1. Where in the chain is the longest stretch that carries no chymotrypsin sites (Phe, Trp or Tyr not before Pro) classed as loop by DSSP and with at most 15 other Cβ atoms within 10 Å?
2. Using only the alpha-carbon atoms, how far is helix 2-27 inclined from the longest principal axis of the chain? Give it as 0 to 90 degrees, nearest 10.
3. In deg cm²/dmol and to the nearest 500, what is the mean residue ellipticity at 222 nm of the chain if only DSSP H runs of at least 4 residues count, each as -39500 (n - 2.57), divided by the residue total?
4. Lysine pairs, Cα distance under 13 Å, 8 or more residues apart or cross-chain: how many in the chain?
5. Can you compute the label reach from Lys142? Point 7 Å from Cα along the Cβ direction, backbone N cut-off under 11 Å, restricted to the stretch 86-107.
6. Whole-Hz Karplus ³J(HN,Hα) for the stretch 150-158, in order, using 6.51 cos²θ - 1.76 cosθ + 1.60 and θ = phi - 60°, x for Gly and Pro?
7. Work out how much length Ser72 to Ala2 would gain on full extension: take 0.36 nm times their residue separation and subtract the Cα-Cα distance, in nm to one decimal.
8. Starting from the 7 Å offset along Cα-to-Cβ, what nm value, one decimal, do you get for the label separation of His85 and Trp100?
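Values in this text are rule-based calculations from the coordinates and carry no lab data. What you see is a predicted model; the values in this text were computed from it and never measured. Note that each Cβ is placed from the backbone with ideal geometry, even for glycine, and that neighbours are counted across all protein chains shown.
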Amino acid sequence: MAAQNFLWSFTKNCFTFGLIGLTISDRYASIVPVRGSSMSPTFNLTTDSFMGSLSDDYVLVEKFCLQKYKFSHGDVIVFCSPSNHKEKHVKRIIGLPGDWIGTPMTNDVMKVPNGHCWVEGDNPSSSLDSRSFGPIPLGLIKGRVTHILWPPQRVRHIERKNHENILSPS
């Protein structure tokens, strides 16, 4: 009888903490790994395929910004890939709705449509971003990166950076 009570109590506690954890992760904040070199030097200073996930940065993603889509130029965000909803990307917001974006490779100028944003990686030579797939819908954004949590020697707050591809209206 004591074993049954212990097992029932343990199961209830696990279920309760699981629901609380899921709610926090879904609505408030989560921890996400950053893989690859597209955001170097901000994340993953050293990309070592031998070490694999041990060299990945793990970041804190806050989700309060999603309530009214409050984003700023230079915010680092996590979003679902426009071509594969199971993939998550980490990039920096370069343009918001109504901004004019200059693309240096093609010398084109484009206006970011309403409900979309333009994102680019900090390492343009190895980044799959809006230069490849165009502006992304704001609805694909999963949150804003605020801090690096791992590895311990890199724990810090993530600052916004302005970008030179934004053109002011004349």
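1. On the way: sites that count: Tyr28, Phe50, Tyr69.
Between exposed loop sites, the widest span is 70-170.
2. In the chain, helix 2-27 runs at an angle near 10 degrees to the longest axis.
3. Values: 2 runs with 30 residues, N = 170.
Calculated from helices alone, the mean residue ellipticity at 222 nm is -6000 deg cm²/dmol.
4. On the way: Lys63/Lys142; Lys68/Lys142; Lys70/Lys142; Lys86/Lys142; Lys88/Lys142; Lys91/Lys142; Lys91/Lys161.
Lysine pairs, 8 or more places apart or on different chains, close enough: 7.
5. Those under the cut-off are 86-90.
6. Here the 3J(HN,Hα) series is 8, x, x, 6, 10, 4, 5, 7, 8 Hz.
7. Working: separation 70, 0.36 × 70 = 25.20 nm, distance 5.64 nm.
Here the answer is 19.6 nm.
8. Spacing of the two 7 Å Cα→Cβ label points: 3.6 nm.
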